[in-house]
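Novice: Take this structure first; my questions come after.
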Amino acid sequence: MASDDEGLIAELHALVGARGLITAPDDVAPYLSDWRGLYQGRSPCVLRPADTAELAGAMRILARRQVPVVPQGGNTSMVGGAMPDESGRQVVLSLARMNRIRDIDAVDMTMVAEAGVVLKAAQEAAAEAGCLFPLSLGAEGSATIGGVLATNAGGNTTVRYGNARELMLGLEVVLPDGTVWNGLRRLRKDNTGYALRQLFVGAEGTLGIITGAVLRLFPRPRAREVAFCALPDLDAALALFRRFRDRDEASLQAFEYMSGAGIDLVLAHIPGATLPVASRAGHYVLVDLASPRPDAALRELLEAVLGEAFEAGEVADAAIAESEAQVQAIWRLREEHPEAQKRAGASVKNDVSVPVSRVPDLIRGASAAVTELIPGVRPVPFGHMGDGNIHMNFVRPDGMADADFLARSHDLMDRVNTVVRALDGSFSAEHGIGRLKPSMLADWRAGAEFDLMRRIKAAVDPLGLMNPGKVFEA
Ligand code: FAD
Ligand code: 2HG
Ligand code: ZN
């Protein structure tokens, strides 16, 4: 260990104590690799402060010593956002110990949660109070409130409730120099100058550390219906979405697309997964309807819309969940897509969005463009069709070595992005920029927009210590 590191560790240890600092290499190791296995970082230690005051003190030490900081929540980033680089200079800052729910107010419909609260724990606390915290995603058992806000996570319910930024009213943030900004206001109207809280949402830890948040709660659903539908083609998926939206937009809480290839991977690699419809199809959607009104008659709505769609030839077969266990089994087919893909071999992910009306064009166009580049590649598009965000992913061809396929990642992503650009879309819908996509950001947002981002970064983090190499190139 370098003597600089020894001095730093001694000073941090004096502040946060043994529970607040991990230094043994075996214990530091789990913080240094990401879920996708794309990056392997190095760090002299992992800082785990107990509260905001300790964290602020640690930030003052790090700023004085000019040590870069990498905030980490549940470490579920899909773009290497929470990974330190290979220099061994960057300190990982884990928010895991700051996991208290400070307050729930069922009149104001708010929850004050610390950054390290796991998303599922926040959902459960809201449910215990008779409310709903609607953000929902496959990694919710590990992802944290700090992480979902720092990435402006979307997930399955964006179509109804919006992204993480729409679910947040106030923030507490520790700035790079250790200043604490307490903006934990629970107001629905608060036009007092710049909306600074929104600056930190989606900033991926490059401007400051989110330590707590006021989250919006909603009435809990008292009626729910979930269906899994097999469809003949992509245009049918769009037509079905329109039918539900036109009939009762407010009841649509998720509309998720899956391809035949994706479902086949789930059935092959996830033990216990079974197809709820009679035969396999090229395309599927999961429809989740919910309402706070117990008399919402969602079953009638679902059957009426599916009946019309059958008549129109848009739905080939459908299964409606008859129990909570069946709801979970249907959702599992969707949520196990990332894991099934991981088990199928190397894959390249493109978290892209287009206007909803262009989703069929996106899937067809990107699949064709990448198949032309790499014959035999397996397109596995899936995701949040109701908000236009499709995970336009590709698994390596059978028989191709993982490394050979991954060597083509950038060419492959370029092909997809060309299609996305032509459809007025975005190269990053919900996972963020992280370490994977800074060059894309510089390219896509070049000009006044990128220049303004850089000026904000320089103003808030003049020493460039906050999560270097993420969002902006190192
Ligand atoms: P981390 O991965 O630890 O960090 C993410 C970024 O936020 C990093 O840049 C990190 O430095 C920064 N950060 C973390 N905490 C703080 C903090 N307190 N202050 C400042 N910066 C911080 N994302 C979606 O949007 N929708 C999905 O449907 C979805 N599904 C997923 C499914 C799986 C199986 C997996 C593995 C990931 C999925 N993700 C999804 C990606 C991921 O972005 C989310 O899981 C989540 O937003 C990350 O939370 P986290 O606590 O794990 O953050
Ligand atoms: C999801 O929607 C996540 O399941 C992960 O955003 C997507 O694996 C992916 O590409
Ligand atoms: Zn997603």
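Novice: In the chain, what percentage of the DSSP-assigned beta bridges are antiparallel, given to the nearest 5?
Specialist: Percentage antiparallel, nearest 5: 90.
Novice: Under a Cβ-Cβ cut-off of 13 Å, what is the net charge of the residues other than ARG396 that fall near it, where Lys and Arg count +1 and Asp and Glu count -1?
Specialist: Local charge sum for ARG396: +2.
Novice: Kindly write out, for segment 107-115 in residue order, the coupling ³J(HN,Hα) from the Karplus curve 6.51 cos²θ - 1.76 cosθ + 1.60 (θ = phi - 60°), rounded to whole Hz, with x marking Gly and Pro.
Specialist: 8, 6, 6, 9, 10, 9, 10, 6, 4
Novice: Here's another thing I want to ask about it. For the residues SER409, SER367, what sequence is obtained by ranking on other C-beta atoms within 10 Å, fewest first?
Specialist: SER409, SER367
Novice: From the backbone phi of segment 28-40, what are the Karplus-calculated ³J(HN,Hα) couplings (6.51 cos²θ - 1.76 cosθ + 1.60, θ = phi - 60°) in whole Hz, Gly and Pro given as x?
Specialist: Residue by residue, segment 28-40 yields 6, 3, x, 7, 10, 10, 9, 4, 7, x, 8, 10, 9 Hz.
Novice: Once amide H atoms are built 1.01 Å from N in the peptide plane, which residues 5 or more positions from ASN393, or in another chain, come under 5 Å H to H?
Specialist: ASN350, VAL380, PHE382
Novice: For the chain, taking Cα atoms only, what is the radius of gyration to one decimal and the Dmax to the nearest whole Å?
Specialist: For the chain, the Cα radius of gyration and maximum Cα-Cα distance read 22.8, 75 Å.
Novice: Working from Cα positions, state the angle (0 to 90°, nearest 10) between the long axis of helix 359-373 and the longest principal axis of the chain.
Specialist: For helix 359-373, the angle is close to 80 degrees.
Novice: Something else: Once you have the Cα-Cα distance between ASP424 and GLU308, take 0.36 nm times their residue separation minus that, and quote the gain in nm to one decimal. All intermediate terms of the calculation are to be shown ahead of the outcome.
Specialist: Values: separation 116, 0.36 × 116 = 41.76 nm, distance 3.15 nm.
Extra length from ASP424 to GLU308 when fully extended: 38.6 nm.
Novice: If amide H atoms are built 1.01 Å from N in the plane of the peptide, which residues on other chains or at least 5 residues away come under 5 Å of the amide H of VAL92?
Specialist: Those qualifying (amide H under 5 Å, at least 5 residues apart or on another chain) are CYS45, LEU47, VAL70.
Novice: Here's something else I'd like to know. What net charge is computed for the residues neighbouring SER77, neighbours being all others with C-beta under 13 Å from the C-beta of SER77, Lys and Arg scored +1, Asp and Glu -1?
Specialist: Surrounding charge for SER77 is +1.
Novice: Here is a further query. Whole-Hz ³J(HN,Hα) for each residue in segment 264-275, computed from phi via Karplus 6.51 cos²θ - 1.76 cosθ + 1.60 with θ = phi - 60°, x for glycine and proline: what do you get?
Specialist: With coefficients 6.51, -1.76 and 1.60, one gets 4, 5, 4, 5, 7, 10, 10, x, x, 6, 9, 7 Hz.
Novice: On a C-alpha basis, how far is the centre of segment 303-339 from the centre of segment 385-412 in Å? Whole number, if you could?
Specialist: So the separation of the two Cα centres works out to 26 Å.
Novice: Turning to a different aspect of this structure: Only sites in a loop by DSSP and with at most 15 other Cβ atoms within 10 Å count here; which trypsin sites (Lys or Arg not before Pro) in segment 247-345 make the cut?
Specialist: Here the sparse-neighbourhood loop sites are ARG280.
Novice: Further question on the same structure: Quick one: which residues, 5 or more positions from THR144 or on another chain, have an amide H under 5 Å from its amide H? H modelled 1.01 Å from N in the peptide plane, none for Pro or chain starts.
Specialist: The list, which skips near neighbours in sequence, is GLY74, LEU119.
Novice: Just add up the charged neighbours of LEU135: K/R +1, D/E -1, any other residue whose Cβ is under 12 Å from the Cβ of LEU135.
Specialist: Counting the neighbours of LEU135, the net charge comes to +1.
Novice: Taking 0.36 nm per residue of separation and subtracting the Cα-Cα distance, what length does fully extending PHE450 through ALA10 add?
Specialist: Numbers: separation 440, 0.36 × 440 = 158.40 nm, distance 3.94 nm.
Value of the extension gain: 154.5 nm.
Novice: With an 8 Å cut-off on Cα pairs and a minimum separation of 6 or more residues, tell me the relative contact order of segment 59-128 in percent.
Specialist: 24
Novice: Just want to confirm a number: the relative contact order over segment 1-67, from Cα pairs under 8 angstrom separated by 6+ residues, in percent. Before the final figure, lay out each step's value.
Specialist: Details: 51 pairs, mean separation 24.6, N = 67.
Worked out over segment 1-67, it gives 37 percent.
Novice: What ranking of LYS189, LYS437 emerges when the number of other C-beta atoms within 10 Å of each C-beta is taken as an exposure proxy, fewest first?
Specialist: Numbers: LYS189 5, LYS437 23.
Fewest to most other Cβ atoms nearby, the residues stand as LYS189, LYS437.
Novice: I've got another one for you. Counting DSSP beta bridges in segment 1-158, what percent are antiparallel, to the nearest 5?
Specialist: Around 55 percent antiparallel, to the nearest 5.
No value in this document is a laboratory result; all are computed from the given coordinates. Every value quoted in this text rests on a predicted model; they were computed, and no experiment measured them. All Cβ positions, even for glycine, are placed from backbone atoms using ideal geometry, and neighbour counts span all protein chains on display.
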